[in-house]
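Input: a single structure, listed below in structure tokens.
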Amino acid sequence: MALMPKRVKHRKSQRGRIKGNATRGNTVVFGDFGLQATEGGWVSAQTIEAGRIAAQQYIRGEGRLYIRVFPHKSITSIPLETRMGKGKGEPDYWAATVKPGTVLYEVSGVSEQQAKITFARLAHKMPVRVRMIKREA
């Protein structure tokens, strides 16, 4: 099941612009290895869930997976072949706003080789470019 907020103050949000690098959530905190975004963009709730499943299937019961992003932003769309005007569309899906440097996932309790394979599986699903980083001592 895809992630989404329990309740929001406003149903529809403006698109906004992704400026600058992430100043928060840009280091490995919970696990030993992390998957860090190297470019900005939106990561949908469905994509986050698909990544979680791909990683869990590989890790099985050995390690622990941490998801560091949450989809707070509602993305709207109007139906196809609709004329101009008639207002803004209905919320279509939820997305997490990702800045360059944001840590998306973390794993602990696995070797570096296993983490590398896990993150390779995750990277295929992500709409932004990513890289693997280690926890700093």
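The values are calculated or read from the model by the stated rules, or taken from the named source; none is laboratory data. Every value quoted in this text rests on a predicted model; they were computed, and no experiment measured them. Note: ideal-geometry Cβ built from the backbone for every residue, glycine included; neighbour counts use all protein chains shown.
Structure notes:
- Failed criterion for residue 113 (all others in (1) more than 26 Å from residue 21 (Cα to Cα); (2) touching a strand residue (DSSP E or B) at 6+ places or on another chain (Cβ under 8 Å); (3) modelled with pLDDT of 95 or more hold): (2)
- Condition check for residue 69 on (1) at positive phi; (2) touching a residue at least 12 places away in the same chain (Cβ under 8 Å): one failure, at (1).
- Segment 14-28 residues that are assigned to a loop (DSSP other than H, G, I, E, B), paired with ones that are among the hydroxyl-bearing types (Ser, Thr, Tyr) and surrounded by 10 or more Cβ atoms within 10 Å (Cβ to Cβ) (beta carbon under 9 Å, 6 or more apart): 16/97; 18/97; 21/102; 22/102; 24/102; 25/102; 26/102
- Residues of segment 104-115 satisfying the condition of being of a type outside the set (Asp, Glu), in contact (Cβ under 8 Å) with a residue 60 or more places away in the chain and surrounded by fewer than 19 Cβ atoms within 10 Å (Cβ to Cβ): 108, 109
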